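Written out below as structure tokens is the structure these notes cover.
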Amino acid sequence: MSPSRPPAPRPSQAPVKPQPRRATPHRAPTQTSAAPRVPEAAEVSAQAPSPPHRAATTYQVRRFRGPVRPAVVSTRSAERFAERARAARSLARRQVALTGGGALVALALGWLVLFSPVLALDMQKVTVTGAGTVVAVEQVTAVVAPLSGRPLTRLDTAGLRGLVLQVPGVRDATVTRDWPTGLSIALVSREPVAAVPEAQAPAGAAAPGFALLDEEGIQVGRVDAPPGGLPVVEVPAGDPRTLAAVLAVVNALPADLVAQVGDVSAHTQDTIAMTLRDGVTVEWGSADETALKAAVLRALHGSPAAAGAGVIDVSAPRLPITR
């Protein structure tokens with residue numbers, strides 16, 4: 001028999017012999033004789049760090065220069081964008097049209113109101129009222145005539161009123177536009193309340209006549225003979241206060257009583273006297289209590305108690321005297 005051998009060790013049980021570590025030689029980076037290349041703007045250079053036991057390696061990253069795929073936009077979104085653009089353009093055109101149309105309308109209205117003959121003054125439609133017995137309507141229309149054809153919007157009614165007031169016999173006036181082409185002039189005439197004998201004949205008159213005065217003592221006319229229905233006033237020349245007192249009394253008398261007065265005379269403000277057309281003399285006194293004196297005179301003049309009396313004294317109206 002052969003001698004027994006010791007069993008061979010199993011691989012898993014084989015002892016591992018340590019291997020000596022081999023030193024890896026250090027490699028220097030690759031040197032290129034050519035000059036280093038400068039990367040473009042689209043290129044990005046990066047160098048990865050090398051471990052101490054490996055040689056350093058240079059990497060270059062280049063931008064992809066192939067065809068670029070366009071961004072994907074849905075058809076529905078494109079339609080919305082186009083619709084919004086059309087709406088914006090339509091709104092801008094509408095605003096421009098409205099602005100231009102408004103300007104044209106304003107210009108047309110301005111021309112129509114200020115310069116067109118549509119509102120031009122027509123002399124056939126000028127009306128004058130309140131002329132009375134003194135004011136000549138022809139003189140008033142002659143003042144307005146130069147303004148014929150002017151639009152009413154450019155008519156100066158205040159200035160026209162001032163011209164109308166210069167017409168003889170006009171005390172006050174109101175000028176209003178009568179649209180579309182008319183004009184209305186309302187006058188307050190200076191109606192005469194008394195006639196004053198003239199001291200001398202005026203130029204162009206053969207003999208002295210009578211000056212017609214209104215309630216303010218302003219002459220509004222002239223006549224050669226005493227007018228019917230107006231009392232003749234005789235006061236001292238150059239005494240305006242006495243004249244004003246007499247005219248105040250005459251203007252305050254009722255119309256039926258004024259028609260019975262033939263003349264009025266006064267030497268002072270307190271010595272006013274009247275002569276009625278039937279010959280009765282009325283002692284009036286001052287201009288105070290004119291309304292009461294007029295009522296007393298009307299009551300006494302027609303009463304049997306004053307029948308045949310030539311003088312009625314109402315200077316003290318609460319104690320009248322007849323004789």
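The values are calculated or read from the model by the stated rules, or taken from the named source; none is laboratory data. Here the structure is a predicted model, which is why all the values come from computation and not from measurement. Note that each Cβ is placed from the backbone with ideal geometry, even for glycine, and that neighbours are counted across all protein chains shown.
Quick rundown of the values:
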| item | result |
| --- | --- |
| Exclusive hit being in contact (Cβ under 8 Å) with a residue 40 or more places away in the chain and either assigned by TED's automatic domain parsing to the domain that holds A255 or assigned to a strand (DSSP E or B) (or both), set R171, R177 | R171 |
| Single unsatisfied condition, E216 versus (1) touching a strand residue (DSSP E or B) at 6+ places or on another chain (Cβ under 6 Å); (2) within 30 Å of Q260 (Cα to Cα) | (1) |
| Residues that are in a loop (DSSP other than H, G, I, E, B), out of contact with any helix residue (DSSP H, G or I) (no Cβ under 9 Å at 6 or more places or on another chain) and of a type in the set (S, T, N, Q), drawn from the range 117-156 | T133 |
| Test: residue in the range 289-304 that is within 24 Å of V135 (Cα to Cα) and in contact (Cβ under 8 Å) with a residue 40 or more places away in the chain | no |
| Every residue from the range 104-116 that is surrounded by fewer than 12 Cβ atoms within 10 Å (Cβ to Cβ) and touching a residue at least 12 places away in the same chain (Cβ under 8 Å) | L114 |
| One residue from V105, V164 being assigned to a helix (DSSP H, G or I), under 30 Å from A255 (Cβ atoms) and not assigned by TED's automatic domain parsing to the domain that holds V232 | V164 |
| Any hit, the range 156-166, residues being surrounded by 13 or more Cβ atoms within 10 Å (Cβ to Cβ) and either basic (K, R) or over 30 Å from G217 (Cα atoms) (or both) | yes |
| Residue check, A225 within 20 Å of T133 (Cβ to Cβ) and of a type outside the set (S, T, N, Q) | yes |
| Criterion violated by A266 - all others in (1) farther than 18 Å from F210 by Cα; (2) buried (at least 18 other Cβ atoms within 10 Å of the Cβ); (3) of a type in the set (G, A, S) satisfied | (1) |
| All positions within the range 308-323 that are surrounded by 16 or more Cβ atoms within 10 Å (Cβ to Cβ) and part of a strand (DSSP E or B) | I312, D313, T322 |
